[in-house]
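S.K.: Sharing a structure here in structure tokens format.
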Amino acid sequence: MSNEQTAIKTTYFSIIGNTCLALLKGLAGVFGNSYALIADAIESTTDIFSSALVLLGLKYAKKPADDNHPYGHGKIEPLITFIVVAFLVTSATIIGYESIEHIQTPHKTPKPWTLIVLGAIIIWKEVSFQIVMRKSKETHSSSLKADAWHHRSDAITSVMAFVGISIALIFGEGYETADDWAALLASGFILYNSYLIFRPALGEIMDEHLYDDLILDIREKSLEVPGILGTEKCYIRKSGMRYHVDLHAMVNSYITVKEGHDLSHELKDYLHSEITNLGNISIHIEPNDCSLDDCKHIIP
């Protein structure tokens, strides 16, 4: 299964899970007198739409390169991530506003059984976060990473609700708004996580220098190709789940143009075979006068 197929399959998992949880939280919040659970349901509802956007973005990013998009359609991924972050910020704002409103309005103490519901939700959302985050690392998908953090922010909201309801139940009258305060605190966590998701996606759009480990791997693998004496410039930009590379490779200055041309193709093919998720590789051949034994260590 390709990275694109894996990411799409994982997004379906998120959509189904969020739909079930949104219904469960909403019903439990209404019948259990817990605004924290209702706030949780609001976030899960936004998660459904954001996961659907991630799914559409992944399917679009999967389209092959064409004349108008020679590097493929992968840049849609960070753009979708921005929209997902907007959903997170919106849901956090709604939760925060409604929490303040409920704090100022007297209401009943939440039902004790809502803690059981929340406990199950916390476990499920954390498991979902681990699954989706693992898949995002496996596929190098920024939008899937944003989707994973949706699960984690949902788990955080549920933990806050659990604490708030517990306080209201333990201390009784006068502490009915504890779960509202918990929801307000959770909205702050969601805003913070929104920034953590937004910043890497912005770096991807701006082609920031973010891939030192991959550059080192490319340099080391390049030296395994007979005839490649070393490497100079190596620039990487990410598009979707693919990394496009501009590499300057050093060869003996006395070989023919044809031999240098053939070496560049050998190097390109070798890098594609050894390192997954590389997209277009542009290789510029640099002449060098030193011997292979003298120059093989050159990795600026």
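The values are calculated or read from the model by the stated rules, or taken from the named source; none is laboratory data. None of the values given here were measured: they were computed from a predicted structure. As a convention, Cβ positions derive from the backbone with ideal geometry for all residues, glycine included, and neighbour counts pool all protein chains shown. Keep in mind that these areas ignore ligands, DNA and RNA; they rest on the heavy atoms of the full protein, side chains included. Shrake-Rupley method; radii C 1.70, N 1.55, O 1.52, S 1.80 Å.
S.K.: Okay, helix-only estimate at 222 nm for the chain: each DSSP H run of n ≥ 4 adds -39500 (n - 2.57), divide by all residues, round to 500 deg cm²/dmol; what do you get?
M.R.: Theoretical 222 nm ellipticity from helices: -23500 deg cm²/dmol.
S.K.: Here's another thing I want to ask about it. Relative to the compact-globule scaling 2.2 N^0.38 Å, provide the ratio for the alpha-carbon radius of gyration of the range 25-127.
M.R.: Rounded to two decimals, the normalised Rg is 1.47.
S.K.: Which residues does the label zone of ILE205 cover in the range 76-100, counting backbone N under 17 Å from a point 7 Å along Cα→Cβ?
M.R.: 76-90
S.K.: With charges set only on the Cβ (+1 for Lys and Arg, -1 for Asp and Glu), what does the dipole of the range 1-88 come to about its Cα centre, in debye to the nearest 20?
M.R.: 120
S.K.: Output the relative contact order of the range 167-288, whole-number percent, from Cα pairs under 8 angstrom with separation of 6+ residues.
M.R.: Answer for the range 167-288 is 21 percent.
S.K.: Moving on. Just the accessible area per residue of the range 144-300, please: how many Å² with a 1.4 Å probe?
M.R.: Result: 49 Å² of accessible area for each residue.
S.K.: Turning to a different aspect of this structure: Compute the relative contact order of the chain as a whole-number percentage, counting only Cα pairs closer than 8 Å that sit 6 or more residues apart in sequence.
M.R.: Taking the mean separation of contacting Cα pairs over the length of the chain, I get 18 percent.
S.K.: With point charges of +1 on the Cβ of Lys and Arg and -1 on the Cβ of Asp and Glu, referenced to the Cα centre of the chain, which listed residue (THR90, GLY29, LEU271) lies farthest in the positive direction of the dipole?
M.R.: The one lying farthest along the dipole's positive direction is GLY29.
S.K.: Sticking with this structure for a sec: Among the aspartates and glutamates, which have Cα under 18 Å from the Cα of LYS111 when same-chain residues fewer than 8 positions away are ignored?
M.R.: ASP40, GLU173, GLU176, ASP179, ASP180
S.K.: Sticking with this one: Under 16 Å from the Cα of LYS145, which aspartates and glutamates turn up, not counting those fewer than eight places away in the same chain?
M.R.: Straight-line reach from LYS145, under 16 Å: GLU4, ASP47, GLU77, GLU126, ASP154, GLU204.
S.K.: Same structure again: If one computes the Cα centroid of the range 242-272 and of the range 49-84, what distance in Å separates the two points?
M.R.: About 30 Å separates the Cα centre of the range 242-272 from the one of the range 49-84.
S.K.: Would you work out what percent of the accessible area of the chain, with all protein chains in place, is carbon or sulfur (probe 1.4 Å)?
M.R.: The nonpolar share, carbon plus sulfur, comes to 64 percent.
S.K.: Over 31 Å between Cα atoms: which of LYS62/LYS268; LYS75/LYS135; LYS75/LYS233; LYS25/LYS75; LYS59/LYS268; LYS9/LYS75 fall into that group?
M.R.: As for pairs spanning more than 31 Å Cα to Cα, those are LYS25/LYS75.
S.K.: For the range 70-130, what is the accessible area per residue in Å² when the probe is 1.4 Å?
M.R.: Dividing the accessible area of the range 70-130 by its residue count gives 50 Å².
S.K.: Here is a follow-up. Let me spell out the model: positive unit charges on the Cβ of Lys and Arg, negative unit charges on the Cβ of Asp and Glu, origin at the Cα centre of the chain. What dipole size does that give, in debye rounded to 20?
M.R.: 920
S.K.: May I ask you to compute the full-extension gain from THR19 to ALA52, defined as 0.36 nm times their residue separation minus their alpha-carbon distance, rounded to one decimal in nm?
M.R.: Taking 0.36 nm per residue and subtracting the Cα distance, the gain is 10.8 nm.
S.K.: Below 8 Å between Cα atoms, with a sequence gap of 6+, how large is the relative contact order for the range 52-143 in percent?
M.R.: 30
S.K.: Residue by residue, what Karplus-based ³J(HN,Hα) values in Hz, rounded to whole numbers, does the range 5-11 have, using 6.51, -1.76 and 1.60 with θ = phi - 60° and x for Gly and Pro?
M.R.: So the J values, rounded to whole Hz, are 5, 4, 5, 5, 4, 5, 5.
S.K.: So, by mean Cβ neighbours within 10 angstrom, what's the order for 94-100, 142-148, 207-213 with the highest one leading?
M.R.: Top of the packing list down: 142-148, 94-100, 207-213.
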